[in-house]
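Asker: I'd like to ask some things about the structure below.
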Amino acid sequence: MVAMPVVGQVKVADSIRISLEEVDITAARIPEKTRQSARINRIITRKEIELSPARDLAGILESIPDIDVRQRGPGGVQADISFRGGTFDQTAILINGVNFTDPQTGHFQLDIPIPLSLIQRIEVLSGSDVKSLGSNAFAGAINIVTGVPEKKRVHALLIGGQHGLLEAGIDAANRSGRWYQVSGVGYQVSDGYRENTDFKNLTGCFQIGYNHKRLDISILAAGLKKAFGANSFYSIKYPNQFEQTGSGFTTLQAYLQGKVNFRQSVYYKLHTDEFALFRSNPPSWYIAPNYHFTQVAGSKTDAWFSSSLGKTAFGIEYRRESIWSTVLGNLSENTKRISGVDLVEYNHFGVRDHFSLSAEHQLITGKVKWNGGVVLHDVRAAKNYFQVYPGLDISYTASSTWRSFFSFNRAFRLPTFTELYYKSPTNQGNAQLLPETAWNAETGAEYHSGGFSGKLLGFYRFATQSIDWVRAVDETIWHAENLGRIRTWGIETGLTWSPVKTFGIAKSIEHFDFGYRYYFQHHQVENWFSQYVLDYLKWKMTAGLSVKIGEPFHLSASLVWQERNGTYTSFDQLQNMIEVDYKPFTIVDIKLSYKLKWITFIAECSNLLNQAYFDLGGVPQPGTWLKAGFELNLEGRN
């Protein structure tokens, strides 16, 4: 999907929450305004990203109450993202509307090869919408939009901090007539906040595009390389783990407007992973690290048109997912060389092909908007699957300030290659896994007036064959299984307030937001300990504040207070496995900036209260972390 510029925005003072204005949701098959959608979508704007106390995508998403962020390593090293009591494998990740979801494992969902400085906005789409977004949108989706530059600019960044942290980056944008170009690189390095948590991250991105009347064409190419100490990431029994990942992504997209609108995307993604259970001094029984090389290639075509009956859309997509590995997949007669590695070759292979046909129709009758659709999805692999996803969304606009909505959708997700094939001293995959399926329903209301916005909604999900890593009380090996029926209920509420927009006089407080969610489950599963599905986030409260202190100073603060259901595995003094309850915790991050013409000085503090906490069992997160530096911003004329 070609990224389109934000429309319908009005810049009011320097308020960071211009997301209260309507923008187009470009992840949908038929682009629609945020307030026309039959669900509540959260738009994180460029200004919000710039002023956020977080320095990586996972940290920014942490401030959204609908999202559960479970970090293993800070600085964007690795984090699992999930919605509404789901798992990290049930979230779809898109870049400019193209499915970026990793088929090897959801642990790599945020290996996004785009520097944060080049992201124009982030579309957070809660709830299932498989009919528009694809099979991995089981519980929600995140769409990263790079956008189209409006002017020439150069941006540079240099940040330093505790634990040997150094972050540097530079990016530039240029627009000349109908052509535009954006490019940038980013680098992060740290010695780590405890033993074996050091990391190095490198990202680079290049995009070129052409706009002319009704035609938009763009080419995007991006790459990422990470190397990090993975202390207890996947097993606390062997903490001296190490991992290197790489990712490359390229798309060619065209968008033609007319009586019939066409959007064409051709895409290719590769991902490499080297995982060592022992970074140094391995035991005699340990042979070598695991190596994986996944590829995803596809073509997606969407077309829609308007008539007296409403808007009608059709879509067709072909997607091939494959993996070469030393452990994942079926043993292959052929082998493949591993770049830069001697004596070891890929000797396992797996592949599956996806074919999908979609039809969708929108109809407005008075104040009611109806959006119905269906997707036919066929998968050809070791086991073949054919699924039908129907969905219906209804919204009622009572006035210019009030709207309510209801949606009912079916969801579906295939097991990842890791869930099917992985084998280690502590984990065992299951090649007989069946796809996850679920029915989702949600209803709610939203209010907008001036600088104030509020929402209240409830949802229900009935899932069958949910996939999780589990173990019995007397077992030491985690194994992948289809669980029984799981019912998940939840309520979500939130408000945002921008006094600058409301009164035009309260110019010190630019923005305040508050959000709360509460979920609970009822499950019919065996007496298993769960790694993910049953360890859902029970409740979460978030708050954010943006304040101007005089003209040049700006203070941003965010608070997250949450409690998780379930337990995590630890060891007692005799090295016996025990289960420990997750404890609630509160995290406060702050950022102070001072802007002087084209240079901005920055001071940040994450985990201000120095809380000791776990997102995932056995992986303690860092305490207070101080950072400081500066940014340069040079802009030309439009």
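Asker: Return the residue satisfying two criteria in turn: it lies in region 281-293 and is of a type in the set (Ser, Thr, Tyr) and within 18 Å of ILE338 (Cβ to Cβ), and of such residues it is surrounded by the fewest Cβ atoms within 10 Å (Cβ to Cβ).
Answerer: In this case the residue turns out to be TYR286.
Asker: Please identify the pairs in which a residue from region 514-543 that is in a strand (DSSP E or B) has its Cβ atom under 6 Å from the Cβ atom of a residue that is acidic (Asp, Glu), counting only partners at least 6 apart or on another chain.
Answerer: So the pair list comes out as ARG517/GLU492; SER530/ASP468; LEU537/ASP68; LYS538/GLU563; TRP539/GLU563.
Asker: From the residues in region 527-556 that are surrounded by 19 or more Cβ atoms within 10 Å (Cβ to Cβ) and hydrophobic (A, V, I, L, M, F, W, C), which one is modelled with the lowest pLDDT?
Answerer: The extreme case among them is TRP528.
Asker: Then there's this: Out of the residues in region 53-77 that are of a type in the set (Gly, Ala, Ser) and either part of a strand (DSSP E or B) or modelled with pLDDT under 90 (or both), which is nearest to the chain's Cα centre (by Cα)?
Answerer: Restricting to residues being of a type in the set (Gly, Ala, Ser) and either part of a strand (DSSP E or B) or modelled with pLDDT under 90 (or both), the top hit is GLY76.
Asker: In region 263-288, which residue that is assigned to a strand (DSSP E or B) and hydroxyl-bearing (Ser, Thr, Tyr) is nearest to PHE314 (Cα to Cα)?
Answerer: The extreme case among them is SER265.
Asker: Has region 145-167 got at least one residue that is in a strand (DSSP E or B) and crowded, with 24+ Cβ neighbours inside 10 Å?
Answerer: Yes, region 145-167 contains at least one residue that is in a strand (DSSP E or B) and crowded, with 24+ Cβ neighbours inside 10 Å.
Yes/no matrix, rows are residues, columns are (1) part of a strand (DSSP E or B); (2) among the acidic types (Asp, Glu); (3) buried (at least 22 other Cβ atoms within 10 Å of the Cβ):
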position: VAL189; (1), (2), (3): yes, no, no
position: GLU195; (1), (2), (3): no, yes, no
position: PHE206; (1), (2), (3): yes, no, no
position: TYR255; (1), (2), (3): yes, no, yes
position: ASN261; (1), (2), (3): yes, no, no
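Asker: Only one of (1) among the small types (Gly, Ala, Ser); (2) surrounded by fewer than 24 Cβ atoms within 10 Å (Cβ to Cβ); (3) in a loop (DSSP other than H, G, I, E, B); (4) on the phi < 0 side of the Ramachandran plot is not met by SER117, so which one is it?
Answerer: (3)
Asker: Based on what the data block shows, is LYS200 among the basic types (Lys, Arg), at pLDDT 95 or above and either surrounded by fewer than 23 Cβ atoms within 10 Å (Cβ to Cβ) or part of a strand (DSSP E or B) (or both)?
Answerer: Yes; evaluated as a whole, the condition is true for this residue.
Asker: Answer with yes or no whether GLN244 is surrounded by fewer than 20 Cβ atoms within 10 Å (Cβ to Cβ) and either within 22 Å of the chain's Cα centre (by Cα) or among the hydrophobic types (A, V, I, L, M, F, W, C) (or both).
Answerer: When the stated conditions are applied, GLN244 passes them.
Asker: Which ones in region 339-396 are within 24 Å of PHE459 (Cα to Cα), of a type in the set (Val, Ile, Thr) and either buried (at least 16 other Cβ atoms within 10 Å of the Cβ) or touching an Asp or Glu at 6+ places or on another chain (Cβ under 9 Å) (or both)?
Answerer: VAL374, VAL375, ILE394
Asker: Within region 263-280, how many residues turn out to be farther than 17 Å from ILE323 by Cβ, buried (at least 18 other Cβ atoms within 10 Å of the Cβ) and under 22 Å from the mean Cα position of the chain (by Cα)?
Answerer: Final tally of qualifying residues: 2.
Asker: Contact list please: Cβ distance under 6 Å, first residue in region 339-359 and in contact (Cβ under 8 Å) with a residue 60 or more places away in the chain and of a type in the set (Gly, Ala, Ser), second residue assigned to a strand (DSSP E or B) and exposed (fewer than 14 other Cβ atoms within 10 Å of the Cβ), pairs at least six apart or on different chains.
Answerer: Listed pairs, sorted by first residue: none to list.
Asker: Additional query: Consider region 141-160. How many of its residues are modelled with pLDDT under 90 and either of a type in the set (Gly, Ala, Ser) or under 26 Å from TRP439 (Cα atoms) (or both)?
Answerer: 1
Asker: Also, I was wondering about something else. Only one residue in ILE323, ILE316 is β-branched (Val, Ile, Thr), closer than 23 Å to SER424 by Cα and in a strand (DSSP E or B), so which one is that?
Answerer: ILE323
Asker: So if I check each of GLY298, GLY329, which one is touching a residue at least 60 places away in the same chain (Cβ under 8 Å), surrounded by 15 or more Cβ atoms within 10 Å (Cβ to Cβ) and more than 30 Å from PHE262 (Cβ to Cβ)?
Answerer: Being touching a residue at least 60 places away in the same chain (Cβ under 8 Å), surrounded by 15 or more Cβ atoms within 10 Å (Cβ to Cβ) and more than 30 Å from PHE262 (Cβ to Cβ) holds for just one of GLY298, GLY329, which is GLY329.
Asker: Which residue is surrounded by the fewest Cβ atoms within 10 Å (Cβ to Cβ), if the candidates are limited to region 601-628 and must be at pLDDT below 95 and not in a loop (DSSP other than H, G, I, E, B)?
Answerer: PRO620
Asker: So, one more: I'm checking my understanding of the structure. Among residues of region 441-462 that are in contact with a helix residue (DSSP H, G or I) (Cβ under 9 Å, 6 or more places away or on another chain) and in a strand (DSSP E or B), which one is farthest from GLN104 (Cα to Cα)?
Answerer: SER449
Asker: Tell me yes or no: at least one residue of region 557-564 is touching a helix residue (DSSP H, G or I) at 6+ places or on another chain (Cβ under 8 Å), surrounded by 15 or more Cβ atoms within 10 Å (Cβ to Cβ) and not in a strand (DSSP E or B).
Answerer: Scanning region 557-564 turns up no residue that is touching a helix residue (DSSP H, G or I) at 6+ places or on another chain (Cβ under 8 Å), surrounded by 15 or more Cβ atoms within 10 Å (Cβ to Cβ) and not in a strand (DSSP E or B).
The values are calculated or read from the model by the stated rules, or taken from the named source; none is laboratory data. A quick note: this is a predicted structure, and the numbers were derived from the prediction, not measured. Neighbour counts are summed over all protein chains in view; Cβ atoms, including those assigned to glycine, are modelled from backbone coordinates with ideal geometry.
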